[in-house]
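Just so you know, all these numbers are worked out from the coordinates, no wet-lab data involved. Everything numeric in this text was worked out from a predicted model, so none of it was measured. Cβ coordinates were reconstructed from backbone atoms using ideal geometry, including for glycine residues, and neighbour counts include every protein chain displayed.
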Amino acid sequence: MPSSWPELDELIRELAEVSALPHAEAEPLLSEASMAVSKATAELTRAAGARHRGAVAARERALRTIEEARAALERARKAIAASARRIAAGRTAPAREGTSVEGRVEAMCPACRQAFVVRYRAPLPTPTVAFPVACPAEKCDGITSVEYPASATDVHVQAVSA
């Protein structure tokens, strides 16, 4: 049975779709999106109970929170897709004995949202380890975990220009 708030039905459907994406459970922005959908639900509930002059303002607040929730869902969707690309890019073909592996991993600073690339050279592609990597932006103190081979010796971090 459809609700009297089709916007809410759509948000909940989108949240379910984003939550079902591979590697979604590891993405912090999914929690942010879930909270935004909860906030939109609360505002819609308030708007449904509002009367007279307060009803118009409540409806406007509800519509704003719906847009905020949609934006949060889109940010989560993009971050999950970027994470999936990083994981896929980190998988390299097995190296022959005596040859080194060159690779790159894309990452994003959780503090300033700056995208960056970690390039490495390693004698062996496995095992991989999550290393703390400082954001390359000058005025940012953010640190994120980036997974690359434990044997990597020639590691360079470079900001990605937009």
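Quick notes on this one:
- Placing unit charges on each Cβ (+1 for Lys and Arg, -1 for Asp and Glu) gives region 13-139 a dipole about its Cα centre, and among T41, S100, A72 the Cα reaching farthest toward its positive end belongs to T41.
- Mean ellipticity per residue at 222 nm, deg cm²/dmol - from DSSP H runs of n ≥ 4 across the chain, formula -39500 (n - 2.57): -16000 deg cm²/dmol
- Shape category assigned to the chain from the gyration tensor of Cα positions, a/c cut at 1.5: prolate
- Counting beta carbons within 10 Å around each of L63, L44 and listing the fewest first gives the order L63, L44.
- Remark on V101: its backbone amide H falls under 5 Å from those of A122, L124, a criterion applied only to residues 5 or more positions apart or on other chains, H modelled at 1.01 Å from N.
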